[in-house]
Amino acid sequence: MNTLEYHQAILKRVSFDESLLKKELEKTVNAIAEGEQAKLIDWCKKELDMKWEQIATALVLQKKFKVSQLDKHQ
């Protein structure tokens, strides 16, 4: 089981609680490689719903922005 699959299993288990799901989704975005981010977004759309696809997309973009800001300051 790779990192993305591990986090997907957790996301499915906590999907009953929106607050917990959002926290776990944030952890997932921070834990997975950049190349897995699109897979996560697609998975959210298929397994959760459009709302969570949009939240995942926003979290990925937020992470990319933070990384780009760190790169500018180095």
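Among the criteria (1) loosely packed, with under 14 Cβ neighbours inside 10 Å; (2) in a helix (DSSP H, G or I), the one Lys45 does not fulfil is (1). Can you tell me which of Leu40, Leu61 is among the hydrophobic types (A, V, I, L, M, F, W, C), touching a residue at least 24 places away in the same chain (Cβ under 8 Å) and either in contact with a helix residue (DSSP H, G or I) (Cβ under 8 Å, 6 or more places away or on another chain) or part of a helix (DSSP H, G or I) (or both)? Being among the hydrophobic types (A, V, I, L, M, F, W, C), touching a residue at least 24 places away in the same chain (Cβ under 8 Å) and either in contact with a helix residue (DSSP H, G or I) (Cβ under 8 Å, 6 or more places away or on another chain) or part of a helix (DSSP H, G or I) (or both) holds for just one of Leu40, Leu61, which is Leu40. The number of residues in the range 53-74 being modelled with pLDDT under 95 and more than 13 Å from Asn30 (Cα to Cα) comes to 7.
The values are calculated or read from the model by the stated rules, or taken from the named source; none is laboratory data. Every value quoted in this text rests on a predicted model; they were computed, and no experiment measured them. Note that each Cβ is placed from the backbone with ideal geometry, even for glycine, and that neighbours are counted across all protein chains shown.
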